[in-house]
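Asker: Structure in structure tokens, see below.
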Amino acid sequence: MLTSSYLSQIEPTMARRSLLWPLFLGILSCFIVIGTYGENLHHSRTISSGNYHEAMHRLKAFKTSLTRHDLIASTPSYSPSPLPSQGVKNPHVYHVTAYGADPSGNSDSTEALLAAIADATKGPSERYLLEGINDLGGAQINLEGGNYMISQPLQLPVVGVGNLMIHGGTIRASNNFPADSYIIDLSKSSNENSGDNTPSPPYNFEYITLKDLLLDSNFRGGGISVINSLRINIDNCYITHFTTNGILVQSGHETYIRNSFLGQHITAGGDKNERNFSGTAINLQGNDNAVTDVVIFSAAIGIMVTGQANTFSGVHCYNKATGFGGTGIYLKLPGLTQTRIVNSYMDYTSIVAEDPVQLHISSSFFLGDANIVLKSMNGVVNGVSIVDNMFSGKNSGVEIVHLDQSNSPFHQIDQVFVDRNIVRGMKLKTTIAKMSMQGNGTSWSFDFNNILLFPNLIKNVQYSLRSTCCTFPNHALRNVSENRVVIETKEAVNADVFVMVDQSAAS
């Protein structure tokens, strides 16, 4: 039997051994790893880099298996963020609620939003975009998902800045918002110091992004105004209750409007007050702009264009039916249009082009008697391509392409191609037509007036005559006038005659 005195002597010894045992295992594992590595050292020159790393991975796993994890202190699963070093710049994100803006929309947030904008435009800038445009480094004015009421337009206090974003919330005009103003106004502020001798930059702003915004003009004016600016992005915006323009782009170029919804009244079509819709959703008075993937659901005019070299793709207009006096896209550029409209959807509302020169419309769908109207101002139509579209109407005799010659007839016509369009319930019009006839006689007459776009205009005729008898008749094209073609043979024959006419050939 062990005595208590003996036990008291052995317990400290066992405790020391238990403490030394993990240390011994750790040392032993190191020796095993080193020994194993040493034994294989002479093979290291023949091991590829991939095999070498795999071998080292196995050695580390073996070492880990010899160590009791429960005796090793675990480390936290996170690391505290380091304290900012002195002199490190803060991110250029300006939260409008920090300036006192009311995200509930119950009180006026004009001054708070303008203060945040002013601070953003005064942020550090060490670089330039275009000459004279300070690069604000991607500064952001964050609306934090709030709903803000304003009583004055939001303007940048200075021109000559860029690389700035306003995003993420709703801005509504109050009942005392100035009529005919814009909620966001990218123009030169009237408060800017005019006594400064610094030369003005060629453009007011460059690379300003307006994103993820709902703008409610409260029938007090417009949504966004972009004046003499460059490379402006308007992305994922919902603009409503405007009386003038949802978006106005004037001078400058390269404003891109995408993934947005615009409508004077919030409706999904078939509105009982559609006849009374007014205003223009998008007014482009500048060059080189693009409108892509945009829906315009209510306005008298969907898009008004008075600048060249603009492009439209994926636009859906059901703003106001043409039968009620509306227009989907109005190209008011007589003499030099330079516009491309592709992959769009004109829903009961038409495209109108004045004296179009260089206009391309293709791969688009026209529903409900929506069509294309070429309107003569000075009688010029040149370089127009209307191809590969679909038209669906109500069997009321509406032409897919209509000539409005109420001012003057078209008399300068060149390179106009209207062809390969699919038509249902509307009247087909084209510049290239084909007809065939079978019969026995000496004369074959073809009347193309019902299908050709322009009256009394055939620039090119091709025909073939196949006699079904054994004779070889003499034949000739005898007459081309008033969009009629006459083929005659010297003697009566039983024949198939095929004729193709073209109004589009270059003169």
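The values are calculated or read from the model by the stated rules, or taken from the named source; none is laboratory data. All figures in this text were calculated on a predicted structure; none of them were measured in a lab. FYI the Cβ positions are ideal-geometry reconstructions off the backbone, even for glycines, and counts take in every protein chain you see. Heavy atoms of the whole protein, side chains included, go into the accessibility calculation; ligands, DNA and RNA do not. Shrake-Rupley method; radii C 1.70, N 1.55, O 1.52, S 1.80 Å.
Asker: Accessible surface of Thr489 in the full protein assembly, 1.4 angstrom probe, to the nearest 10 Å²?
Answerer: Spelled out: Thr489, probe radius 1.4 Å, area about 20 Å².
Asker: Amide H neighbours of Tyr148 under 5 Å, at least 5 residues apart or on other chains, H built in the peptide plane: list them.
Answerer: Thr170, Ile171, Arg172
Asker: Oh, and also: Write out the chymotrypsin sites (Phe, Trp or Tyr not before Pro) in segment 303-380 meeting two conditions: DSSP loop, and at most 15 other Cβ atoms within 10 Å of their Cβ. Spell out each step's value before the answer.
Answerer: Numbers: sites: Phe312, Tyr318, Phe324, Tyr330, Tyr345, Tyr348, Phe365, Phe366; in loops: Tyr318, Tyr348.
Passing both the DSSP loop test and the Cβ count: no residue.
Asker: Next question. What are the chymotrypsin sites (Phe, Trp or Tyr not before Pro) within segment 129-212 that DSSP puts in a loop, where the Cβ has at most 14 other Cβ atoms within 10 Å? Don't jump to the answer; show the numbers that get you there.
Answerer: Working: sites: Tyr148, Tyr182, Tyr203, Phe205, Tyr207; in loops: Tyr203.
Counting only loop positions with at most 14 other Cβ atoms within 10 Å, none of the chymotrypsin sites (Phe, Trp or Tyr not before Pro) in segment 129-212 qualifies.
Asker: What shape does segment 153-192 take by its C-alpha gyration tensor, where a ≥ b ≥ c are the square roots of the eigenvalues and a/c under 1.5 counts as rounded, a/b above b/c as prolate, and the rest as oblate?
Answerer: Working: a/c = 3.21, a/b = 1.28, b/c = 2.52.
Oblate.
Asker: Related question: How would you classify segment 213-267 from its alpha-carbon gyration tensor, with a ≥ b ≥ c the square roots of the eigenvalues: rounded for a/c under 1.5, else prolate if a/b is greater than b/c, otherwise oblate?
Answerer: Verdict is oblate for segment 213-267.
Asker: Still on this structure: Which value, in Å² rounded to 10, gives the accessible area of Ser392 with a 1.4 Å probe and all protein chains present?
Answerer: About 30 Å², ignoring ligands and nucleic acids.
Asker: Separate question: When the Karplus curve 6.51 cos²θ - 1.76 cosθ + 1.60 is applied with θ = phi - 60°, which whole-Hz ³J(HN,Hα) does each residue of segment 383-389 get, with x for Gly and Pro?
Answerer: Computed from phi, the couplings for segment 383-389 are x, 10, 10, 10, 9, 6, 10 Hz.
Asker: Using Cα-only point scatterers and the Debye equation, what is log10 of I(q)/I(0) for segment 386-507 at each q in 0.22 Å⁻¹, rounded to two decimals?
Answerer: For segment 386-507 at q = 0.22 Å⁻¹, log10 I(q)/I(0) is -1.20.
Asker: Among the trypsin sites (Lys or Arg not before Pro) in segment 116-222, which ones are in a DSSP loop with at most 15 other Cβ atoms within 10 Å of the Cβ? Mind listing them? Walk me through the numbers on the way to the answer.
Answerer: Details: sites: Lys122, Arg127, Arg172, Lys188, Lys211, Arg220; in loops: Lys122, Lys188, Arg220.
Passing sites in segment 116-222 are Lys122.
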